[in-house]
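The values are calculated or read from the model by the stated rules, or taken from the named source; none is laboratory data. None of the values given here were measured: they were computed from a predicted structure. Here the Cβ positions follow ideal geometry from the backbone for every residue, glycine too, while neighbour counts run over all protein chains shown. The protein model used for the area step is the full one, side chains on, heavy atoms only, and it has no ligands, DNA or RNA in it. Shrake-Rupley method; radii C 1.70, N 1.55, O 1.52, S 1.80 Å.
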Amino acid sequence: MASIGFLGVGTISEAMVRAMASRADSTDRLLLSPRSAERSERLAAEFDACERLASNQAVIDASDIVVLGMRPQQVDEALADLRFRDDQIIASLIAGTPPSGIAPLVAPASRVCQLIPLPAIALRRGPLVIAPPLPEVVAALAGLGEIVALQDESLIRTLSCASAFMSTYYEMQNALIDWIAAQGIDEHTASRYIRAELDGLAAIGWATPDSERRDLPQEHQTKGGLNERVRARLLEAGWFDELVTTIDAVYQTARLR
Ligand SMILES: NC(=O)c1ccc[n+]([C@@H]2O[C@H](COP(=O)([O-])OP(=O)(O)OC[C@H]3O[C@@H](n4cnc5c(N)ncnc54)[C@H](OP(=O)(O)O)[C@@H]3O)[C@@H](O)[C@H]2O)c1
């Protein structure tokens with residue numbers, strides 16, 4: 001059993017707390033900082049494992065692992081007057097600042113890692129990057145999704161940028177739903193159809209052995225059929241090249257602290 005403190009209980013911390021607190025076998029204590037009062041009070045009321053403490057310092061003092069969950073521009077001010085211990089582990093959610101950038105702010109604590117949870121963590125699904133994979137934090141994250149460990153913090157940016165198609169994915173989902181509805185099928189039916197289709201495709205994509213993933217496009221089209229025609233047209237239009245070029249442009253210009 002570990003005591004895991006959250007400094008900053010915003011959108012992504014709440015998703016993590018919900019996922020951690022609702023694991024069947026969890027014995028960890030989850031200690032919440034008092035800001036975002038309505039949210040932290042709600043979580044403390046909902047889950048026995050959660051407790052809202054009176055101050056940030058009280059959270060640090062009672063925690064084995066401290067999760068930093070504030071926004072990048074809030075970090076300096078939030079940590080300025082706080083005292084950490086050298087036996088503490090820091091797990092930072094803060095985008096754009098690698099562990100080496102956080103370390104000076106939390107000294108004498110020196111074991112620092114970065115976590116990149118995605119919103120699906122609320123369902124205990126999806127990838128959860130940890131760099132470097134400190135064993136105590138990996139253990140605390142068990143069951144929250146697919147743990148992806150990076151030893152080298154300079155690689156965090158690659159995975160962060162590669163996942164920057166989430167809003168694009170839902171834009172694509174909604175464009176398909178809107179097209180069906182425009183043909184005269186009611187929007188609810190259109191929505192159920194496309195979202196169930198995407199759910200099924202993702203399930204097959206995940207269940208397929210990695211060695212066979214390149215076969216999936218071919219396996220999901222018939223020669224001369226509708227799928228082949230759509231894919232060929234989008235390949236010709238440079239759709240997939242444009243996706244990679246855009247992700248690469250974001251990668252090239254992403255700034256690290
Ligand atoms: N959202 C995502 O999908 C996602 C994914 C991966 C990583 N991240 C990273 O996670 C961090 C949080 O993102 P978010 O979307 O969850 O932001 P958010 O919803 O704005 O949450 C920030 C939280 O920090 C609190 N806070 C601010 N200053 C504080 C202080 N001095 N002491 C204690 N708490 C303080 C805020 O409280 P108040 O509401 O009272 O101001 C709020 O609860 C960011 O660094 C982001 O880069 C986010």
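The condition (being surrounded by fewer than 20 Cβ atoms within 10 Å (Cβ to Cβ) and over 30 Å from Ala202 (Cβ atoms)) is satisfied by just one residue among Glu153, Glu136: Glu136. The set of residues in the range 78-102 that are open to solvent by 20 Å² or more (accessible area, probe 1.4 Å), within 12 Å of the ligand (Cβ to nearest atom), on the phi < 0 side of the Ramachandran plot and not in a helix (DSSP H, G or I) comprises Ala80, Asp81, Leu82, Leu93, Ala95. Would you say Ala24 is over 19 Å from Pro104 (Cα atoms) and modelled with pLDDT under 95? Yes: the conditions hold for Ala24.
When Ala190, Ala202, Ala181 are checked against the criterion of being touching a Phe, Trp or Tyr at 6+ places or on another chain (Cβ under 9 Å), more than 18 Å from Ile65 (Cβ to Cβ) and modelled with pLDDT of 95 or more, Ala190 stands alone in meeting it. Residues that are more than 9 Å from the ligand (Cβ to nearest atom), assigned to a loop (DSSP other than H, G, I, E, B) and of a type in the set (Asp, Glu) are absent from the range 125-147 altogether.
Which residues, counting only those in the range 1-19, are within 15 Å of the ligand (Cβ to nearest atom) and either open to solvent by 20 Å² or more (accessible area, probe 1.4 Å) or outside any strand (DSSP E or B) (or both)? Correct list: Gly8, Val9, Gly10, Thr11, Ile12, Ser13, Glu14, Ala15, Met16, Val17, Arg18, Ala19. Examine the range 207-219 for a residue that is in contact with a Phe, Trp or Tyr (Cβ under 8 Å, 6 or more places away or on another chain) and not aromatic (Phe, Trp, Tyr), and state whether such a residue exists. Looking for residues that are in contact with a Phe, Trp or Tyr (Cβ under 8 Å, 6 or more places away or on another chain) and not aromatic (Phe, Trp, Tyr), one finds none in the range 207-219, hence no. I'd like to check something: does the range 38-47 contain any residue that is hydrophobic (A, V, I, L, M, F, W, C), open to solvent by 50 Å² or more (accessible area, probe 1.4 Å) and near the ligand (Cβ under 8 Å from one of its atoms)? No, the conditions are met nowhere in the range 38-47. Restricting attention to the range 54-64, does a residue exist that is part of a strand (DSSP E or B), buried (at least 24 other Cβ atoms within 10 Å of the Cβ) and within 14 Å of the ligand (Cβ to nearest atom)? No - not one qualifying residue is present in the range 54-64.
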